[in-house]
Amino acid sequence: MVIVELDRRMTLKGFYQEVLRKLDDDFWDEKVNAKVLENRIADFVRRLGVEILVADEVQHLRRRANEAGEVTDRLKVFLDRGVVPLVLVGDEDSVPFFGANGKLAARLGRPLELAPLKRVRSDAKVFKQFCVNIDTLLVSSGVFAVASGLDDSDVLDALLTVSSGHVGRVARLVGLAASEAALRGADGIEAYDLSRATREFAIGAGWLTDDPFSRKAS
């Protein structure tokens with residue numbers, strides 16, 4: 001699986017180059033035209049056995065700039081040529097994009113909508129396991145020496161409040177908190193780090209207006 005995160009400034013060539021960079025192509029930034037890069041991608045995914053290409057943050061293609069339209073057109077070519085199975089991932093802002101690009105949408109399968117988890121027992125179990133998995137990964141990958149206690153009931157409740165049940169938001173928030181903790185030389189993420197990430201990012205992003213970690217960070 002290859003995952004490429006799109007951004008607002010990404011051109012068609014930039015998209016192809018990022019795919020090739022993820023495929024460890026030593027010449028991913030070679031000054032050649034987009035068609036050459038596309039053919040190289042087709043060769044790489046075949047030789048490396050790539051089973052799926054994920055284009056994340058597809059909502060950035062909503063704008064009507066020529067570059068975004070170019071990327072959209074080539075995504076259709078990818079599907080038509082059968083270069084590699086393609087998954088497009090976006091947030092709620094991506095809905096207008098698909099609505100405005102009917103020809104691309106017609107080539108895609110049935111959309112999968114991941115609804116936010118709610119404060120019910122079945123969802124709470126999934127939410128907790130997701131947080132535990134993140135905590136475990138931070139230790140197993142060597143980022144921290146000990147678990148950060150993301151499965152603590154108070155922390156889980158605060159994470160659910162900040163994220164409104166969107167696990168992607170949890171991953172973003174914990175990632176920011178982990179960076180802060182690592183810079184401080186901490187053994188793991190503390191309430192202070194989660195509080196700071198909430199105040200400096202989540203509130204500014206409009207996820208919520210208050211910091212539920214502030215009590216734990218004091």
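With a 1.4 Å probe and all protein chains left in place, how much of the accessible area of the chain comes from carbon and sulfur atoms, in whole percent? Spell out each step's value before the answer.
Numbers: 6500 of 12770 Å².
Whole-percent figure for carbon plus sulfur exposure: 51.
Rolling a 1.4 Å probe over the heavy atoms of the protein chains gives the range 125-211 an accessible area of 50 Å² per residue. Computed from Cα atoms alone, the Kirkwood hydrodynamic radius reported for the range 1-65 is 12.3 Å.
Listed by chain and number, the lysines placed with their C-alpha closer than 26 angstrom to that of residue 22 are 13, 31, 35, 76; residues fewer than eight positions away on the same chain are left out. Below 25 Å, Cα to Cα, which lysines can residue 118 reach? Residues fewer than 8 away in the same chain don't count. In chain and number order, the partners are 128, 216. Considering only GluC sites (Glu not before Pro) in DSSP loops that have at most 16 other Cβ atoms within 10 Å, the longest stretch of the chain without any of them is 114-218.
Spin-label model, residue 122 to residue 81: label points 7 Å out along the Cα-to-beta-carbon direction sit 4.3 nm apart.
All other residues with a Cβ under 15 Å from the Cβ of residue 165 taken together, and with Lys, Arg as +1 and Asp, Glu as -1, what is their net charge?
Details: positive: 118, 119, 121, 125, 128, 169, 172; negative: 91, 92, 113, 123, 157.
Neighbour charge sum, excluding residue 165 itself: +2.
Residue 80 sits with roughly 100 Å² accessible to a 1.4 Å probe, with DNA, RNA and ligands left out of the calculation. Amide H contacts under 5 Å for residue 3: 54, restricted to partners 5 or more places along the chain or on a different chain, H placed in the peptide plane at 1.01 Å from N.
Take every Cα pair under 8 Å whose residues are at least 6 apart in sequence, average their separation, divide by the length of the chain, and the relative contact order is 14 percent. With Cα Rg over 2.2 N^0.38 Å as the read-out, I listed (i) 1.17; (ii) 1.76; (iii) 1.01; which label goes with the value calculated from this structure? Structure-derived value, by its label: (i).
Suppose accessible area is computed on protein heavy atoms with a 1.4 Å probe; arrange 11, 198 from highest to lowest. Present the calculation step by step, with values, prior to reporting the outcome.
Numbers: 11 50, 198 0 Å².
Reading off the accessible areas and sorting them downward yields 11, 198.
Over the range 13-107, accessible surface divided per residue gives 56 Å², non-protein components excluded, 1.4 Å probe.
Hey, any idea what the orientation-averaged projected area of the convex hull of the range 104-218's Cα atoms comes to, in nm²?
Working: hull surface 35.8 nm².
Its Cα hull, projected and averaged over all orientations, spans 8.9 nm².
For residue 125, the aspartates and glutamates whose Cα falls under 15 Å of its own Cα, not counting residues fewer than eight places away in the same chain, are 151, 152, 154, 157.
The values are calculated or read from the model by the stated rules, or taken from the named source; none is laboratory data. None of these values were measured; they are calculated from a predicted model. So basically every Cβ, Gly included, is an ideal-geometry build from the backbone, and we count neighbours across all protein chains shown. The area values use the complete protein model at the heavy-atom level, side chains included, leaving out ligands, DNA and RNA. Shrake-Rupley method; radii C 1.70, N 1.55, O 1.52, S 1.80 Å.
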